[in-house]
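J.: Take a look at the following structure, please.
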Amino acid sequence: MAQLPEIHSESLLDYLSTSVLVFDRDFRLRYINPAGEVMFAQSHRHAHGKAINELFANPGQLTTELGSVLASGQVVSQHGCRLELTNGLAVVVNCTHTPVSLSGGLSGIMLEMQKVDHQLRVEQEEQLIAQQEATHSLLRGLAHEIKNPLGGLRGAAQLLEKEIPDSELREYTRIIIGEADRLQNLMDRMLGPNDVPNIQAVNIHQILERVRELVLVEADSGLRINQDYDPSLPDLMADPDLLVQAVLNIVRNAAQALEGRGKIILRTRVQRQFNIGNRQHRLVACIEVIDNGPGIDAALQAKIFYPMVTSRSDGTGLGLSIAQSLINRHHGLIECNSKPGETVFTILLPLENGT
Ligand SMILES: Nc1ncnc2c1ncn2[C@@H]1O[C@H](COP(=O)(O)OP(=O)(O)OP(=O)(O)O)[C@@H](O)[C@H]1O
Ligand SMILES: [Mg+2]
């Protein structure tokens, strides 16, 4: 089991995915937790002591709300509040305002905020993970059932071949054997690796470099693969071969979409207090594969992670479905965003043992 962080009551707020802000009665910020720092793009050091109108471009309604919470001493919850930040960004949040007592007996207000789109994303991802698990177990069951009689068919065709004196007729048994082998390969791909993953500390940049080399060897000289790596990314616990396979399937797709000419960027970043499905992780490795190809047709985009979905005449439509299942085995997720000129596949992997 992954090592759990040791929690002390004073550091509890650091582990929340909910943003927590505390204002004093003059509406100056006294505290902001790490989730709040991320949501409002403000460091605690920089934001501490700032007045509410220095933090938000539309502080009017919030100030009135906080004033009434202070006056009444009642907890107030609000849904869908739009907060405009001074840097021009805006967030829509569900929030709860609670009157609190600050050190020195002064009164203050604690704000708990959660982004509305965050909640939506969690629900969508949970649905996606459940759907993919169901499709995969169906597919594996089906592949298993096909593999058994296929072995019998192939064996019988081999025996038959030995009995047939006419070499012209043997052409037919060879077709049976050849097609049985093709189907067997397809079924093996559908079943995926069966071994127990060989989990070890893995440097994700080494994985990306291996994939980069493999794809560059296959590609025409018009393809560039640039690196934009975050060197602070800690090692993650994973099976390196499975990760190479998953990333390779994605980068190879990008190279194929570019038809030998264009640019792929491999980017890594760390995300703090990040949800994958309904599980919150303290640190998540975010690996992006970005290409400047034609993009994925909108109708196809919703289906690309399903098996057998392909737009290529020689594609089996298994690459992304296998990649998703390999990343799911590491408790991660692959997301895709695409428009003409920019397709981004994002692999999210928890860094439970990261520092
Ligand atoms: N970077 C990309 N740009 C444009 N389209 C893409 C990209 N990545 C995937 N696709 C689309 O998604 C489809 C499914 O990809 P997937 O890897 O699952 O199967 P495939 O590449 O068609 O076949 P296989 O990988 O099994 O050889 C592709 O056929 C292609 O239409
Ligand atoms: Mg593919």
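The values are calculated or read from the model by the stated rules, or taken from the named source; none is laboratory data. Fair warning: this is a prediction, and the values are worked out from it, not measured in the lab. Every residue, glycine among them, receives a Cβ derived from its backbone with ideal geometry; neighbour counts consider all protein chains shown. Heads up: the accessible areas ignore ligands, DNA and RNA and are worked out on the full protein's heavy atoms, side chains in. Shrake-Rupley method; radii C 1.70, N 1.55, O 1.52, S 1.80 Å.
J.: Could you work out the percent of alpha carbon pairs in the stretch 198-355 separated by over 24 Å, rounded to a whole number? Don't skip to the end; give the middle numbers.
T.: Working: 3663 of 12403 pairs.
Here the long-distance tail beyond 24 Å is 30 percent of all Cα pairs in the stretch 198-355.
J.: I've got another one for you. With r defined as the distance between the Cβ atoms of residue 96 and residue 53 and R0 fixed at 25 Å, what FRET efficiency is calculated, to the nearest 0.05? Write out the running numbers ahead of the final one.
T.: Working: r = 22 Å, r/R0 = 0.87.
Given R0 = 25 Å and the Cβ-Cβ separation, E is 0.70.
J.: Find which of 256, 211, 307 sits farthest along the positive direction of the dipole of the stretch 198-355, computed with +1 on the beta-carbon of Lys and Arg, -1 on that of Asp and Glu, about the Cα centre.
T.: Of the options given, the answer is 307.
J.: Kindly identify the stretch 168-244 as rounded, prolate or oblate by the Cα gyration tensor criterion: order the square roots of the eigenvalues as a ≥ b ≥ c, call it rounded if a/c is under 1.5, otherwise compare a/b with b/c, prolate if a/b is larger, else oblate.
T.: Working: a/c = 5.88, a/b = 1.86, b/c = 3.16.
Taking the square roots of the gyration eigenvalues as a ≥ b ≥ c, the stretch 168-244 is oblate.
J.: Here's a follow-up. What nm value, rounded to one decimal, do you get for the distance between residue 81 and residue 210 when each label is placed 7 Å out toward the C-beta?
T.: Taking the simple label geometry, residue 81 and residue 210 are separated by 4.9 nm.
J.: On a full-extension model of 0.36 nm per residue, what is the gain between residue 309 and residue 170, subtracting their alpha-carbon distance, rounded to one decimal in nm?
T.: Details: separation 139, 0.36 × 139 = 50.04 nm, distance 3.52 nm.
Full extension from residue 309 to residue 170 adds 46.5 nm.
J.: Amide H neighbours of residue 50 under 5 Å, at least 5 residues apart or on other chains, H built in the peptide plane: list them.
T.: Excluding prolines and chain starts, which carry no amide H, the hits are 29.
J.: How would you classify the stretch 9-117 from its alpha-carbon gyration tensor, with a ≥ b ≥ c the square roots of the eigenvalues: rounded for a/c under 1.5, else prolate if a/b is greater than b/c, otherwise oblate? The partial results should precede the final answer.
T.: Values: a/c = 1.30, a/b = 1.12, b/c = 1.16.
Cα axes put the stretch 9-117 in the rounded bin.
J.: Something else now. What is the extension gain from residue 179 to residue 316, computed as 0.36 nm multiplied by their sequence separation minus the C-alpha to C-alpha distance, in nm to one decimal?
T.: Details: separation 137, 0.36 × 137 = 49.32 nm, distance 1.52 nm.
Between residue 179 and residue 316, full extension yields 47.8 nm more.
J.: Can you give me the Cα centroid spacing of the stretch 145-165 and the stretch 238-292 in angstrom?
T.: About 42 Å separates the Cα centre of the stretch 145-165 from the one of the stretch 238-292.
J.: Residue 276's amide H: which non-local residues (gap 5+, or another chain) put their own amide H closer than 5 Å, with H modeled 1.01 Å from N in plane and none for Pro or chain starts?
T.: The list, which skips near neighbours in sequence, is 281.
J.: Hey, got the dipole for the chain? About the Cα centre, +1 on K and R Cβ, -1 on D and E Cβ, debye to the nearest 20?
T.: Details: 31 positive and 42 negative charges, 119 e Å.
It works out to roughly 580 debye.
J.: Now a separate question. Report the FRET efficiency, 1/(1 + (r/R0)^6), for residue 160 and residue 134, where r is their Cβ-Cβ distance and R0 is 41 Å, rounded to 0.05.
T.: Numbers: r = 40 Å, r/R0 = 0.97.
Efficiency, from the Cβ-Cβ distance: 0.55.
J.: In addition: How much solvent-accessible surface does residue 115 expose, in Å² to the nearest 10, with a 1.4 Å probe and all protein chains in place?
T.: Per-residue accessible area (residue 115): approximately 70 Å².
J.: Then there is this: Can you list the DSSP H helices in the chain whose Cα atoms extend at least 24 Å along the helix axis and whose mean Kyte-Doolittle hydropathy is 1.6 or higher?
T.: On the way: long enough: 116-163 (71 Å, -0.57); 167-191 (35 Å, -0.46); 240-258 (27 Å, 0.84).
Taking the DSSP H segments of the chain (at least 24 Å long, mean hydropathy at least 1.6), we get none.
J.: So if I restrict to the alpha-carbon atoms in the chain, what is the Rg, and what is Dmax, the biggest pairwise distance, in Å?
T.: Expressed in Å, the Cα Rg and Dmax of the chain come to 26.8, 102.
J.: In addition: Enumerate the amide H contacts of residue 223 below 5 Å, restricted to partners 5 or more residues apart or on another chain; note that Pro and chain-start residues carry no placed amide H.
T.: Correct list: 262.
J.: Continuing with this model, one more query. Using the Cα centre as the reference, give the magnitude of the dipole from point charges on the C-beta atoms of the stretch 198-355 (Lys, Arg: +1; Asp, Glu: -1; all else neutral), rounded to the nearest 20 debye. Mind showing how you got there, number by number?
T.: On the way: 15 positive and 17 negative charges, 68 e Å.
Roughly 320 debye, rounded to the nearest 20.
J.: What shape does the stretch 89-221 have by the C-alpha gyration tensor, where a ≥ b ≥ c are the square roots of the eigenvalues, rounded means a/c under 1.5, and otherwise prolate means a/b greater than b/c and oblate the rest?
T.: On the way: a/c = 4.21, a/b = 2.82, b/c = 1.49.
Note, shape of the stretch 89-221 comes out prolate.
J.: As a test, work out the antiparallel percent of DSSP beta bridges whose residues both lie in the chain, rounded to the nearest 5. Walk me through the numbers before you get to the answer.
T.: Working: 57 of 63 bridges.
Counting only bridges with both partners in the chain, antiparallel ones make up about 90 percent.
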